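Reading through the structure tokens given below for one structure.
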Amino acid sequence: MSLFGPEPFGTDASGPLYLQLQRHISAALASGELAPGDCLPAERDIAQMTGLSRVTVRKAIQELVAS
């Protein structure tokens with residue numbers, strides 16, 4: 001899934017990594033790249049695809065669910 005490539009995350013983007021991932025997923029929902037109800041890959045898989053830690057991925061998803 002190209003949505004979770006390592007390119008969008010890093011020091012040149014603004015804010016903590018979990019917020020960058022949260023905004024990235026929100027943008028994918030807003031653009032229709034992800035539809036509401038679509039299943040995301042497992043957090044382990046997202047972490048591996050993005051180069052982020054599982055803790056970072058978990059926090060981003062928790063924040064999305066809470067909002």
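The values are calculated or read from the model by the stated rules, or taken from the named source; none is laboratory data. Because the structure is predicted, anything quoted here is derived from the model rather than measured. We place every Cβ from the backbone using ideal geometry, glycine too, and count neighbours over all the protein chains shown. SASA here: full protein model, heavy atoms, side chains in, ligands and nucleic acids out. Shrake-Rupley method; radii C 1.70, N 1.55, O 1.52, S 1.80 Å.
In this structure the chain gives 63 Å² per residue of accessible area when probed at 1.4 Å with all protein chains present. Rank Leu17, Leu29, Leu52 by mean-square fluctuation in a GNM of the chain with C-alpha springs under 10 angstrom and give only the top-ranked residue. Highest fluctuation among the options: Leu29. Taking the Cα centre of the chain as origin and assigning +1 to Lys and Arg Cβ atoms and -1 to Asp and Glu Cβ atoms, the resulting dipole is close to 220 debye.
For the chain, carbon and sulfur atoms together expose 55% of the accessible surface, with a 1.4 angstrom probe and every protein chain in place. Our coupling estimate for region 44-56, obtained by passing each phi through the Karplus curve with A = 6.51, B = -1.76, C = 1.60 and θ = phi - 60°, is 4, 5, 4, 4, 5, 5, 9, x, 8, 6, 5, 4, 5 Hz, Gly and Pro reported as x.
Just in region 4-67: which GluC sites (Glu not before Pro) are loop by DSSP and have at most 16 other Cβ atoms within 10 Å? Display every interim value, and only then the final one.
Numbers: sites: Glu33, Glu43, Glu63; in loops: Glu33.
Those satisfying the criteria are Glu33.
With springs connecting C-alpha atoms under 10 Å apart, model the chain as a Gaussian network and identify which of Gly37, Gly51, Gly15 has the largest mean-square fluctuation. Checking each option, the largest mean-square fluctuation is seen for Gly37. For region 27-40, 3J(HN,Hα) computed residue by residue from phi via the Karplus equation (6.51, -1.76, 1.60; θ = phi - 60°) reads 5, 5, 5, 5, 7, x, 5, 10, 9, x, x, 4, 7, 7 Hz, glycine and proline entered as x.
Would you please classify the overall shape of region 1-50 from the alpha carbon gyration tensor, given that a ≥ b ≥ c denote the square roots of the eigenvalues, rounded means a/c under 1.5, and beyond that prolate means a/b larger than b/c while oblate covers the rest? Cα axes put region 1-50 in the oblate bin. In this label model, Ala30 and Glu63 are separated by 1.5 nm, measuring between points 7 Å along each Cα→Cβ vector.
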